[in-house]
Amino acid sequence: MLETIWFVLWGVLWAVYFMLDGFDLGLGTLNPFIARSDEDKRVAYNSMGPFWDGNEVWLITAGGVTFAAFPTTYAVMFSSLYSPLLLILFGLIIRAVSFEFRGKVDSPAWRRLWDTCHFVGSFGPALLFGVAFANIFQGIPIDGKGMLQGNLLSLLNPYGILGGVLFVLLFVVHGALWLAIKSDGDLHERAGAVAGKLWWALLVVAVIFLVATWFATKLYLNYLTHLVLFVIPSLAVAALLAVKVFVVGKSWWKAWFASSLTIVAATLFGVVGLFPNLLPSSLDPAFSMTVFNSASSPMTLKIMLAVALIFVPIVIAYQVWGYYVFKDKITDEDLASEEAY
C-alpha cells in the first residue's frame with residue numbers, strides 16, 4: 001500500500017513540475033521567434049523571472065522522491081539514462097545563468113549570446129524530457145544488472161523522438177499562453193496568435209502519439225483492465241480542446257489553466273499506464289524496476305509520507321502566494337526596476 005501511495009505521489013510530482021516549468025521552457029524556446037525587439041525579450045524574461053527557480057523545486061522534489069522512495073530505480077535510471085539526464089542538467093544550468101548574465105553587459109552581441117544560451121537551455125531539456133519519458137513508456141533495454149544495453153542514439157528512436165516533439169509543443173503552447181497573459185500590445189497579440197496556430201500542430205502530434213503508444217508500449221493494458229482509468233486520457237483530450245475554445249474567446253487565464261490540465265493529465269496517462277513499473281525493461285519483464293522490487297523499507301516510506309504531508313502543502317501555499325503577487329502584466333515600470341532582467 002505504501003509503495004502504491006508513493007508511486008502516485010511520484011507521478012503527481014512529475015506532472016506538477018511539467019505543468020509549472022513547462023511554460024518557462026516553452027517560452028524560452030519560443031522567445032527568439034516571437035520577440036521582435038529587446039524590449040519584447042525583456043518582457044518575456046521578466047514574465048518568467050519571479051517563477052522559474054521556484055518551479056524547478058518540483059524537479060528537485062521529484063528526483064528526491066525517486067531517490068528516497070525507490071532508490072534502486074534511482075540508481076538504474078541515473079546509470080541507464082545518464083547521458084540525456086546530464087544533458088538536461090547542463091541545459092537547466094545554462095538557462096539559469098542566462099537569466100542573470102544577459103543584462104550584465106550593455107552589448108547587443110553579449111545579449112545575443114545569452115539569448116542563444118537561454119534558447120538551448122530551454123529547448124534541449126523540453127525535448128530530452130519527452131525523449132526520456134517516451135523511452136520509459138515503451139521500455140528501456142536494461143539487463144538483469146540494471147545496465148543499459150545501448151547508448152544515447154538508441155534512445156533517439158522514432159517513438160522517443162515523437163515523445164520529445166510532443167513535450168516541446170505542449171510547452172511552447174503553454175509558454176505562448178503565459179506570455180499572452182503577461183504582455184500587452186503587439187507582443188500580446190502575437191503570443192495569442194502563435195498559441196492558436198501551434199495548437200493545431202500539438203493536436204496532430206498528440207493524436208499520432210496516442211495511436212503510436214498503442215503499438216509501441218503496453219500502457220493501455222492497465223486501462224483495458226480497469227476501464228474507469230480512461231477518464232485520465234479523456235480529461236487530457238477535453239482539456240486540450242478547451243485550450244482552443246478559450247484561445248478563440250481570448251480568455252487567456254482559462255486557456256492557460258486548461259493547458260496546465262492537459263499537461264498534468266497527459267503525464268498521468270503515461271504514469272498510470274506504467275504501474276506497477278517505474279522502469280520497464282524491453283529485454284525481459286523480469287529485469288524491470290517496479291514499485292515493489294525497488295522501494296525503500298516501510299519505515300522509511302512512513303517517515304517520508306509524514307514529512308511530505310507537512311511540507312508539500314507549505315510549498316504549494318508559498319507558490320500560490322507568489323503567483324498571486326506577480327499575477328499582473330509586465331509594465332514599463334517593471335522593466336525600469338533595478339531588479340528586472
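The values are calculated or read from the model by the stated rules, or taken from the named source; none is laboratory data. Since the model is a prediction, treat every value here as computed from it, not as a measurement. In this analysis, Cβ positions are derived from the backbone assuming ideal geometry, glycine residues included, and neighbour counts consider all displayed protein chains.
Quick check: is even one residue across the range 169-185 without any contact (Cβ under 8 Å) to a residue 24 or more places away in the chain and either more than 30 Å from Leu279 (Cα to Cα) or under 21 Å from the mean Cα position of the chain (by Cα) (or both)?
Looking only at the range 169-185, we keep the residues that are without any contact (Cβ under 8 Å) to a residue 24 or more places away in the chain, and these are 185.
Checking the rest, the ones that are also either more than 30 Å from Leu279 (Cα to Cα) or under 21 Å from the mean Cα position of the chain (by Cα) (or both) come to 185.
Among the residues of the range 169-185, at least one is without any contact (Cβ under 8 Å) to a residue 24 or more places away in the chain and either more than 30 Å from Leu279 (Cα to Cα) or under 21 Å from the mean Cα position of the chain (by Cα) (or both), which makes the answer yes.
Where residues in the range 287-311 are without any contact (Cβ under 8 Å) to a residue 40 or more places away in the chain and in a helix (DSSP H, G or I), which of them is farthest from the chain's Cα centre (by Cα)?
Looking at the filtered set, the residue picked out is Met299.
Looking at Leu156, Leu127, Leu162, Leu113 in this structure, which one is without any contact (Cβ under 8 Å) to a residue 60 or more places away in the chain, within 16 Å of the chain's Cα centre (by Cα) and surrounded by fewer than 22 Cβ atoms within 10 Å (Cβ to Cβ)? Steps first, answer last, please.
Values: Leu156 fails: within 16 Å of the chain's Cα centre (by Cα); Leu127 fails: surrounded by fewer than 22 Cβ atoms within 10 Å (Cβ to Cβ); Leu113 fails: within 16 Å of the chain's Cα centre (by Cα).
Checking each option against the conditions leaves just Leu162.
Pick out the one residue from Lys250, Lys329, Lys244 that is charged (D, E, K, R) and assigned to a helix (DSSP H, G or I).
Working: Lys250 fails: assigned to a helix (DSSP H, G or I); Lys329 fails: assigned to a helix (DSSP H, G or I).
Testing whether each residue is charged (D, E, K, R) and assigned to a helix (DSSP H, G or I) leaves just Lys244.
Pairs, please: C-beta under 6 Å, at least 6 apart or cross-chain, first residue under 13 Å from Val243 (Cβ atoms) and in the range 186-204, second not aliphatic (A, V, I, L, M)?
So the pair list comes out as Trp199/Lys244.
Looking for something closer than 30 Å to Leu309 by Cα, modelled with pLDDT of 95 or more and among the aliphatic types (A, V, I, L, M) - is there at least one such residue anywhere in the range 23-31?
So far as the range 23-31 goes, yes, one or more of its residues are closer than 30 Å to Leu309 by Cα, modelled with pLDDT of 95 or more and among the aliphatic types (A, V, I, L, M).
Restricting to the range 284-307, name every residue that is closer than 18 Å to Ser80 by Cα, of a type in the set (Gly, Ala, Ser) and either surrounded by 15 or more Cβ atoms within 10 Å (Cβ to Cβ) or modelled with pLDDT of 90 or more (or both).
Ser288, Ser294 - these are the residues of the range 284-307 that are closer than 18 Å to Ser80 by Cα, of a type in the set (Gly, Ala, Ser) and either surrounded by 15 or more Cβ atoms within 10 Å (Cβ to Cβ) or modelled with pLDDT of 90 or more (or both).
Please work out which residue is farthest from Ala69 (Cα to Cα), limiting yourself to the range 262-286 and to residues that are under 24 Å from the mean Cα position of the chain (by Cα) and part of a loop (DSSP other than H, G, I, E, B).
Initial filter on the range 262-286 (under 24 Å from the mean Cα position of the chain (by Cα)): 262-281.
Next, only the ones that are part of a loop (DSSP other than H, G, I, E, B) stay: 275-276, 280.
Working: Phe275: 15, Pro276: 14, Pro280: 17 Å.
Taking the candidates together, the pick is Pro280.
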